[in-house]
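*Asks:* Structure provided below as structure tokens; questions to follow.
The values are calculated or read from the model by the stated rules, or taken from the named source; none is laboratory data. Fair warning: this is a prediction, and the values are worked out from it, not measured in the lab. Cβ sites come from the backbone with ideal geometry, for glycine too, and all protein chains shown count toward neighbours. Heavy atoms of the whole protein, side chains included, go into the accessibility calculation; ligands, DNA and RNA do not. Shrake-Rupley method; radii C 1.70, N 1.55, O 1.52, S 1.80 Å.
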Amino acid sequence: NLKRVIDLVRLLAAAELAKNPGYDLPDIARVLGFASASHLSASCQRLVGVKSGSLTRLRPKAELLRALEAA
């Protein structure tokens, strides 16, 4: 599903931004086009099964491969 792939890519971008101490969750959500920080959090939980506080621990390559295998 194309929407799921787009959401996953945005989430992986969020994981990269979360590593920068200059960005908090509302900033990341705004930059990446999520409706709100809570929407970003819900997407994080739905797509990769982790809370948004764990974004910095996501490994983009592993998450992409896992998502492709599930498709």
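*Asks:* Residues in the stretch 38-61: is at least one touching a Phe, Trp or Tyr at 6+ places or on another chain (Cβ under 8 Å) and open to solvent by less than 70 Å² (accessible area, probe 1.4 Å)?
*Replies:* yes
*Asks:* If you don't mind, another one. Considering each of P21, P26 in turn, give the residue that is surrounded by fewer than 18 Cβ atoms within 10 Å (Cβ to Cβ) and in a loop (DSSP other than H, G, I, E, B).
*Replies:* Going through P21, P26 in turn, the sole match is P21.
*Asks:* Report yes if some residue within the stretch 19-37 is of a type in the set (D, E) and in contact (Cβ under 8 Å) with a residue 24 or more places away in the chain; otherwise report no.
*Replies:* no
*Asks:* With V9, V31 as the choices, which residue is in contact with a Phe, Trp or Tyr (Cβ under 9 Å, 6 or more places away or on another chain) and open to solvent by 40 Å² or more (accessible area, probe 1.4 Å)?
*Replies:* V31
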